[in-house]
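In what follows, a single structure is set out as structure tokens and then discussed.
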Amino acid sequence: MITHRPHGIEHPYAHSADQRVPVLPLVGTTCRLGVTADPAVVAVRCEWEDASLPMHPREVDSADAAALAGGEGHLAEAQAGMLEADGAWTVETAVLEAGRRYRYRFVGRTASGEEVATPAYDVAAAAWTTDHPGRLVGGGDRVVPGSVSWLVSPDGAHRARFALALRPGDHVVGFGERFDRLDQAGHRLDAVVFEQYKSQGRHGRTYLPMPFAHVVGADGSAWGFHVRTSRRTWYDVGASTPEALVVEVDLGFGPAAVELAVHEGTPTDVLRGFLDEVGRAEELPAWVLRLWASGNEWNTQQLVMDRMDRHRELDVPVGVVVIEAWSDEEGITIFRDATYAPHEDGAAHEAADFDYPADGAWPDPRGMVEELHARGIKVILWQIPLQKTDPELTGQVRMDAEAMVREGHAVLEADGSAYHNRGWWFPRALMPDLSAPRTRDWWTAKRRYLVADLDVDGFKTDGGEHAWGHDLRYADGRRGDEGNNLFPVHYARAFGDLLRAEGKAPVTFSRAGFAGSQAHGVFWAGDEDSTWEAFRNSVTAGLTAAACGIVYWGWDLAGFSGPVPDAELYLRAAGASVFMPVMQYHSEFNHHRPPLRDRTPWNVAESTGDERVVPVFRRFAHLRERLVPYLAEQAARTVASDRPLMRPLFFDHPGDPLVWEHPRQWLLGDDLLVSPVTEAGATRWPAYLPAGAWVDAWTGTPYDGGTVVTTDVPIDVVPVFVRAEAWDALAEVFDPAR
């Protein structure tokens, strides 16, 4: 009747009502103890050592509510209800002393006078000390002497902390895909895989963190570091002390040791050293560089083909269609409305096992894929690495869930029971343990027919941020503290291996990842609103991801959530996306309520009443088609050289102080400089041209580098400048009449 979990649900940024806060208190501080109780419990007390402390009803902290901010959208309600505290009680302890272990339990009283109690729990406070036999391996003279310390309690060492020396004017870029800023100097952040539903930049969170960063000096010198851990890390990048980048590392269940790699040289040298450790991208086929089209409400074959027909009718070329709502969001293995005999043992089906009713949602999946291929359109199907366990579910999804547990394919709790997702999306679902080859094979075997027989070209490997719990158990021997961040890496790898095994390119389309994800497919920036702020933050996300070795990256142009964007935002975002590695539009599920929220150019035109949308988008789509050979060539160079495809300017001009004043500009490959229009109402827009000779891609006007050029920006123009020596080869891309 009373529940207390010292670690709570282990949301990385919020507290649940039944936990201890903080989980590991510091010597000389207090902690807050929480429980949740059944409605029959009318009073709760905490028996703390020899004292009896009355507890009080608790409301959700405003900080906790902020952690779940997401605004409008179909996941927002689920998030908002996640930390509800009905039946929650709380008490604050006395100040905790060093070297002492405290024991406590909770006792509740019902209206009838019956008492119910929890088991007893222990807590001991920790303190930072330099007097500990832990080891920091590596770092050399980049580590500030005397800065290494350890957070130690009677249970051992819990965290390590050390400082790396910074100089005045140092810029620090990296830490994976970051939405808030390019240069993290003067700020604090952490690295943990997390599903922040929208507003990632505002909250400083990311799906794709990495314990790696570049440090670029004002004099153009560069070095970088990689904390060789998959556990959570924290960074104070000169925020507290300007001359120090302070790193904290969770030690989890591991030894009191931290490995630190330092890479010296140019930014490309630094990135190459990191990729030598964690793996790098492989070259993907040129079709991934064409326009991707997607809508979460395209949930029938007719709707998909109608959208593709409209693309053809309006002469808006499309190269990839992502079909999200093809299955039933239960097992995500079978087309909705298919008829078949369930396999009670959870074994995989073959294509021949399915029949598709003529009046069903997907009457002929194989024929649909064949027709799309005949039009030059590749097909990507959506996935999620979870298995629903809702009590009302029956049939194959129930059988697959039972088989997952019975045959040892599920991620486990510390007690050996199957882990059930603690997050808000697919709550209580099982999670396959993709750290194990046998489970990767078992999970993907159920989808093999989609590739082998239906000829699907890839998978949108959505999600992957569902592992919450420091003590989860993985088949590869890792516990949750060490294995949770690696889950999305294993997930994309599993589907890439499936595609390779069937003779396909490993085209996965992920939002979550960690160090090691560089080797696994295509990425997009995740869920975001249709706002100018989100546009700017997404550009930053692409540049920071690229600085960490992500090659094939895109975003839901102009955002995917909320009402249809206005024409100006949509076209500015589309124009910028022409010059990103991946160009894609997508829209969120809205329960098919009018008005339609598709981000197709014609729906945006109809919704906004702006007749410019379709012709301008058409122009951009054709420009993208003409850019594909250049993009493919440059992607191959990136894979071979480690110089990012969507390249922040500091890679080529580390000693130029002005590049930091233009953080949302980039080089697309070696020869194109892009300065997207990211503010509403702009009629003229500045672009900083670094050293060299440049040509305005639209007018052919030559410019010398080292200056800011301001040009007119009508709605169909993105400020793009071509390196002068490449102008002859690229002029026809921008003016095919030449």
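Scanning region 100-139 for residues that are in a strand (DSSP E or B) and β-branched (V, I, T) yields V107, T110, V116, V123, T129, V137. Residues in region 443-489 that are within 24 Å of G252 (Cα to Cα), in contact with a Pro (Cβ under 9 Å, 6 or more places away or on another chain) and of a type in the set (S, T, N, Q): N485 only. Candidates E413, E407, E402: the one that is in contact with a helix residue (DSSP H, G or I) (Cβ under 8 Å, 6 or more places away or on another chain) and surrounded by fewer than 17 Cβ atoms within 10 Å (Cβ to Cβ) is E407.
Residue by residue, here is whether (1) open to solvent by 10 Å² or more (accessible area, probe 1.4 Å); (2) hydroxyl-bearing (S, T, Y); (3) under 23 Å from R493 (Cβ atoms) holds:
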site	(1), (2), (3)
V288	no, no, yes
L291	no, no, no
L303	yes, no, no
D309	yes, no, no
L314	yes, no, no
G319	no, no, no
V322	no, no, yes
A325	yes, no, no
I334	yes, no, no
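Filter region 1-45 down to the residues that are in contact with a strand residue (DSSP E or B) (Cβ under 8 Å, 6 or more places away or on another chain), part of a loop (DSSP other than H, G, I, E, B) and open to solvent by 60 Å² or more (accessible area, probe 1.4 Å) and list them by number. Matches in region 1-45: M1, H7, H15, D38.
Residues checked against (1) within 23 Å of the chain's Cα centre (by Cα); (2) farther than 24 Å from G521 by Cβ; (3) open to solvent by 10 Å² or more (accessible area, probe 1.4 Å):
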residue: A576; (1), (2), (3): yes, no, no
residue: H591; (1), (2), (3): no, yes, yes
residue: V604; (1), (2), (3): no, yes, no
residue: L623; (1), (2), (3): no, yes, no
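Can you go through A475, A418, A492 and tell me which one is open to solvent by less than 30 Å² (accessible area, probe 1.4 Å) and more than 26 Å from V379 (Cα to Cα)?
Testing whether each residue is open to solvent by less than 30 Å² (accessible area, probe 1.4 Å) and more than 26 Å from V379 (Cα to Cα) leaves just A418.
One residue stands out among those in region 166-222 that are of a type in the set (G, A, S) and in contact with a Pro (Cβ under 6 Å, 6 or more places away or on another chain): the one that is farthest from P657 (Cα to Cα), which is A191. In the set (1) open to solvent by 40 Å² or more (accessible area, probe 1.4 Å); (2) under 39 Å from the mean Cα position of the chain (by Cα), the condition left unmet by A124 is number (1).
Can you name every residue in region 392-428 that is part of a loop (DSSP other than H, G, I, E, B) and on the phi > 0 side of the Ramachandran plot? Before you say what the answer is, go through the steps one by one.
Start the filter on region 392-428 by keeping residues that are part of a loop (DSSP other than H, G, I, E, B), which leaves 392-394, 407-409, 411, 413-417, 419, 421-428.
Once the filter is applied, which keeps residues that are part of a loop (DSSP other than H, G, I, E, B) and on the phi > 0 side of the Ramachandran plot, region 392-428 yields G408, G416, F426, R428.
The requirement of being surrounded by 15 or more Cβ atoms within 10 Å (Cβ to Cβ), hydrophobic (A, V, I, L, M, F, W, C) and out of contact with any Ser or Thr (no Cβ under 8 Å at 6 or more places or on another chain) is fulfilled nowhere in region 651-658; no residue meets it.
If a residue must be open to solvent by less than 10 Å² (accessible area, probe 1.4 Å), touching a helix residue (DSSP H, G or I) at 6+ places or on another chain (Cβ under 8 Å) and among the hydrophobic types (A, V, I, L, M, F, W, C), how many such residues does region 440-453 contain?
The first filter runs over region 440-453 and keeps only residues open to solvent by less than 10 Å² (accessible area, probe 1.4 Å), leaving 443-444, 447, 449-451.
Filter once more, keeping what is touching a helix residue (DSSP H, G or I) at 6+ places or on another chain (Cβ under 8 Å): 443-444, 447, 449, 451.
Still in the list and also among the hydrophobic types (A, V, I, L, M, F, W, C): 443, 451.
Qualifying residue count, region 440-453: 2.
Looking at T229, T233, T206, which is the one that is surrounded by 22 or more Cβ atoms within 10 Å (Cβ to Cβ) and closer than 30 Å to V321 by Cα?
Answer to the check: T206.
The one condition from (1) surrounded by fewer than 18 Cβ atoms within 10 Å (Cβ to Cβ); (2) within 22 Å of the chain's Cα centre (by Cα) that P437 does not meet is (2). Of all residues in region 58-93, those satisfying the criterion of being modelled with pLDDT of 95 or more and of a type outside the set (S, T, N, Q) are A88, W89, V91, E92.
Out of G186, G176, report the one residue that is out of contact with any His (no Cβ under 8 Å at 6 or more places or on another chain), of a type outside the set (S, T, N, Q) and open to solvent by less than 10 Å² (accessible area, probe 1.4 Å). If you could, list the steps in order and put the result at the bottom.
Working: G186 fails: open to solvent by less than 10 Å² (accessible area, probe 1.4 Å).
Step by step, each of G186, G176 is checked, and only G176 is out of contact with any His (no Cβ under 8 Å at 6 or more places or on another chain), of a type outside the set (S, T, N, Q) and open to solvent by less than 10 Å² (accessible area, probe 1.4 Å).
You will find that of V674, V733, V718, the residue that is of a type outside the set (D, E) and farther than 18 Å from M646 by Cα is V733 and no other. Checking every residue in region 86-108 against the condition of being surrounded by fewer than 13 Cβ atoms within 10 Å (Cβ to Cβ) and under 32 Å from the mean Cα position of the chain (by Cα) gives at least one match. Here region 495-511 is the region considered, the condition is being part of a helix (DSSP H, G or I) and open to solvent by less than 10 Å² (accessible area, probe 1.4 Å), and the residue that is nearest to H11 (Cα to Cα) is F495. Among what's in region 172-199 and is within 25 Å of W532 (Cβ to Cβ) and part of a strand (DSSP E or B), pick the residue that is farthest from the chain's Cα centre (by Cα). By that ranking, first place goes to H187.
Applying the set (1) β-branched (V, I, T); (2) under 26 Å from G224 (Cβ atoms); (3) open to solvent by 30 Å² or more (accessible area, probe 1.4 Å) to V674 leaves exactly one unmet item: (3). Just one of the listed residues (A347, A361) is touching a helix residue (DSSP H, G or I) at 6+ places or on another chain (Cβ under 9 Å), open to solvent by less than 20 Å² (accessible area, probe 1.4 Å) and not acidic (D, E), and it is A361. The selection criterion, being open to solvent by 10 Å² or more (accessible area, probe 1.4 Å), charged (D, E, K, R) and either in contact (Cβ under 8 Å) with a residue 60 or more places away in the chain or assigned to a loop (DSSP other than H, G, I, E, B) (or both), does not hold for D269.
Within region 547-571, being open to solvent by 10 Å² or more (accessible area, probe 1.4 Å) and touching a Pro at 6+ places or on another chain (Cβ under 7 Å) holds for one residue alone: V551.
In region 114-121, the count of residues that are among the β-branched types (V, I, T) and open to solvent by 40 Å² or more (accessible area, probe 1.4 Å) is zero.
Can you tell me how many residues in region 578-588 are farther than 13 Å from D529 by Cα and not polar (S, T, N, Q)?
Taking region 578-588 first, the residues farther than 13 Å from D529 by Cα are 578-584.
This time we only want the ones that are not polar (S, T, N, Q), so: 578-583.
Total satisfying the criteria: 6.
Is it the case that some residue within region 421-443 is closer than 21 Å to D337 by Cα, of a type outside the set (A, V, I, L, M) and free of Cβ contacts under 8 Å to residues at least 24 places away in the same chain? No, region 421-443 contains no residue that is closer than 21 Å to D337 by Cα, of a type outside the set (A, V, I, L, M) and free of Cβ contacts under 8 Å to residues at least 24 places away in the same chain.
Can you work out which of the residues in region 135-156 that are open to solvent by 20 Å² or more (accessible area, probe 1.4 Å) and either touching an Asp or Glu at 6+ places or on another chain (Cβ under 7 Å) or small (G, A, S) (or both) is farthest from V215 (Cα to Cα)? Going through the qualifying residues, I end up with G156.
For the residues F721, F650, F734, the requirement of being within 32 Å of the chain's Cα centre (by Cα), at pLDDT 95 or above and under 27 Å from P615 (Cα atoms) singles out F721.
The values are calculated or read from the model by the stated rules, or taken from the named source; none is laboratory data. Predicted model, so just to flag it, every value in this text is computed and none were measured. When we count neighbours, we look across all protein chains shown, and the Cβ atoms used for this are built from the backbone with ideal geometry, even at glycine. Each accessible area value is taken on the protein alone, full model and side chains, heavy atoms only, with ligands, DNA and RNA left out. Shrake-Rupley method; radii C 1.70, N 1.55, O 1.52, S 1.80 Å.
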